[in-house]
Amino acid sequence: MELYEYAKVGEPAPYFEMLSTKNMETLQETVSLDDYKGRWLILFFYPYDFTFVCPTEILALSDRYEEFQELDTDILGVSTDSVFSHRAWLQTPISENGIEGTKYPLASDNTHVVAEAYGVLVEEEGAALRGLFIIDPEGILQYSVVHNMNIGRSVDETLRVLEGLQAGGLCGANWEPGQDLL
């Protein structure tokens, strides 16, 4: 598989393969771009486990997970933390700043290779900015947005953009699912 230097909308998404929390007991199951062929993927990066803004995003996506599934879409969260840190956070109750009950896996980019390929790595900190990428079933990057670490992303906007991309036509400003295309 060819590795791409950086993520670019309209081009094949940079390949990735990382350890994940898909098997919470062994933490030895990897996830790769190939695992998501034939389905849409919301690939999002966040800075650190056990922080303040990150759980709001992770849980907001998890709360709406079934809506993404109905749209043939999987979700994968990524940070530069280890899978061991991810597991601890996933096992921590929400009342204690945890994300227990999250419905999709988290992956570990502890080598920083994937965050760098997607253009979200803050080298001095060894952490990722808040990057969200929508990859289509053929592995083509269709959407990219990167936020400062202090600003959370909107699940409503992510769903709106996903449905717009899946509609296959021209979606004007403020288009909402169910409205006519241009």
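Every read-out reported here was derived from the displayed coordinates using simple, explicitly stated rules and does not represent laboratory data. Fair warning: this is a prediction, and the values are worked out from it, not measured in the lab. As a convention, Cβ positions derive from the backbone with ideal geometry for all residues, glycine included, and neighbour counts pool all protein chains shown.
General observations
- At least 30 Å along the helix axis (C-alpha) and Kyte average at least 1.6, DSSP helices within the chain: none
- Of SER95, LEU121, GLN179, farthest towards positive along the dipole that unit charges on Lys, Arg, Asp, Glu beta carbons give the chain: SER95
- Contact order normalised by residue count of the chain, Cα under 8 Å, 6+ apart, percent: 26 percent
- Build a GNM of the chain with springs between Cα atoms under 10 Å apart, and of PHE52, PHE133, PHE16 the one that fluctuates most is PHE52.
- Within a straight-line Cα-Cα reach of under 26 Å, LYS8 can be paired with the following lysines, leaving aside sequence neighbours fewer than 8 residues apart in one chain: LYS37.
- Two-site FRET efficiency, GLN28 against THR111, from Cβ-Cβ distance with R₀ of 22 Å, rounded to 0.05: 0.85
- Cα-derived Rg to Rh of the chain, Kirkwood definition: 0.95
- In a reduced charge model with +1 at each Lys and Arg Cβ and -1 at each Asp and Glu Cβ, the range 17-167 shows a dipole moment near 120 debye about its Cα centre.
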